[in-house]
Amino acid sequence: MRQGEELAEDALAAYLVGRMDGFHGPLQVEQFAGGHSNLTYLLRTPAQEYVLRRAPMGPVPPKAHDMAREYRVLSALAPVFARAPRVLHCCEDAAIIGATFYLMERRRGRSYREASEITDNGQAISEAVVDTLVDLHAVDVTTPGLENLGKPVGFVTRQVKGWTERWERARTEPLPKLEAVVAYLNQTIPPEGPPSVVHNDYKLDNLLFALDTPQVEAVLDWEMTTVGDPLVDLGMSLAYWRFGGAHGTSGQSPAGWFTQDQFIERYAARTGRDLRHLPWHETLGLMKIAVILQQIYFRYVRGQTRDARFARFGDTVQRLGDLAYAQMEQAQVEKAT
């Protein structure tokens with residue numbers, strides 16, 4: 001486990017005995033290495049394995065890292081979307097391990113931080129990424145438990161307002177290009193399309209792939225899931241696809257790996273959705289990724305986390321601001337023509 005992110009194992013084991021059917025020690029705990037936000041651990045007992053999710057250490061932004069809400073999302077979604085892990089227990093008593101946490105089943109699969117790690121089946125994996133997003137957006141939002149997950153009317157406007165406020169709270173230095181993007185997004189909000197379930201952080205390293213076939217076994221990290229315009233999801237995914245969540249820092253991708261245009265074409269063919277405003281949504285996606293990393297960098301600058309990985313995030317946010325500015329200019333040109 002990373003220093004400062006250890007769990008109170010004895011208190012956790014004592015709490016779970018009698019609350020989880022079949023739970024008995026001894027308990028072994030390991031930390032999953034990936035991720036920059038919420039903390040994820042593997043709990044292993046002689047009879048079973050579980051995955052525990054909790055918020056990061058130290059102060060967190062208001063309404064962020066809400067593990068009880070993520071538990072409720074998965075409780076409603078898992079019965080109707082097979083790639084959502086089944087949740088098992090939620091504890092909102094912060095006295096146990098220092099924060100609200102929940103337990104879910106362990107799904108086994110292969111994960112990729114970036115596409116350059118994929119050695120074969122590039123086209124099939126690309127298709128699986130797109131098709132899983134299409135399947136998520138096809139879930140009936142009137143399903144019991146999902147109907148109150150979000151408020152579709154005004155969703156895009158609230159997205160822009162909320163992420164603007166997050167940026168203002170987490171700013172550590174002036175970034176003129178990102179500021180210009182924020183102003184543009186607030187002044188040019190497009191009309192909304194029919195609502196769907198929106199994951200809000202759908203990217204390659206939030207997916208587990210089956211070990212024997214190039215199919216998605218599980219979608220992870222449902223903290224920001226809601227109901228709203230699915231182009232917000234698609235735009236965010238394309239932003240990750242462009243910035244490096246798919247192609248990686250090396251710029252290399254496997255044979256057959258989808259271009260952005262191929263991603264969009266397959267999504268459009270399978271959904272029939274109106275994608276006229278997608279360039280605007282990709283600009284929003286790039287801005288959101290910048291703010292997510294800025295919030296983490298803000299915590300690092302303030303000394304609220306000691307994770308050395310976060311020291312470089314300031315430069316990364318600036319590069320994202322430049323990329324968002326270029327995408328904003330492209331969106332303006334496409335709208336004009």
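The values are calculated or read from the model by the stated rules, or taken from the named source; none is laboratory data. Everything quoted here is computed from the prediction, not taken from an experiment. So basically every Cβ, Gly included, is an ideal-geometry build from the backbone, and we count neighbours across all protein chains shown.
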Residue check for residue 277: modelled with pLDDT of 95 or more and either more than 20 Å from the chain's Cα centre (by Cα) or not aliphatic (A, V, I, L, M) (or both): yes
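Each row is one residue, and each column tells you yes or no for (1) of a type in the set (Phe, Trp, Tyr); (2) within 30 Å of residue 56 (Cβ to Cβ); (3) modelled with pLDDT under 95; (4) surrounded by fewer than 17 Cβ atoms within 10 Å (Cβ to Cβ).
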| site | (1), (2), (3), (4) |
| --- | --- |
| 240 | yes, yes, yes, no |
| 246 | no, yes, yes, no |
| 253 | no, no, yes, no |
| 266 | no, no, no, no |
| 273 | no, no, no, no |
| 336 | no, no, yes, yes |
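Residue-by-condition table, conditions (1) in contact with a helix residue (DSSP H, G or I) (Cβ under 6 Å, 6 or more places away or on another chain); (2) of a type outside the set (Ser, Thr, Tyr); (3) crowded, with 20+ Cβ neighbours inside 10 Å:
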position	(1), (2), (3)
169	no, yes, no
175	yes, yes, yes
204	no, yes, yes
208	no, yes, no
214	yes, yes, no
228	yes, yes, yes
235	yes, yes, yes
Those residues of region 78-94 which are more than 21 Å from residue 12 (Cα to Cα) and either over 16 Å from the mean Cα position of the chain (by Cα) or small (Gly, Ala, Ser) (or both), in sequence order: 78, 79, 80, 81, 82, 84
Identity of the residue in region 69-90, in contact with a helix residue (DSSP H, G or I) (Cβ under 7 Å, 6 or more places away or on another chain) and part of a strand (DSSP E or B), that ends up surrounded by the fewest Cβ atoms within 10 Å (Cβ to Cβ): 90
Some residue of region 145-157 being surrounded by 13 or more Cβ atoms within 10 Å (Cβ to Cβ), assigned by TED's automatic domain parsing to the domain that holds residue 268 and among the basic types (Lys, Arg): no
Test: residue 70 is outside the structural domain of residue 218 (by TED's automatic domain parsing), touching a residue at least 40 places away in the same chain (Cβ under 8 Å), more than 24 Å from residue 201 (Cβ to Cβ) and of a type in the set (D, E, K, R): no
Hey, residue 14 part of a loop (DSSP other than H, G, I, E, B) and at pLDDT 90 or above or not: no
Verdict on residue 154 being of a type in the set (Gly, Ala, Ser), within 30 Å of residue 80 (Cβ to Cβ) and modelled with pLDDT under 95: no
Restricting region 291-317 to residues that are farther than 27 Å from residue 161 by Cβ and of a type in the set (Gly, Ala, Ser), the residue that is modelled with the lowest pLDDT: 308
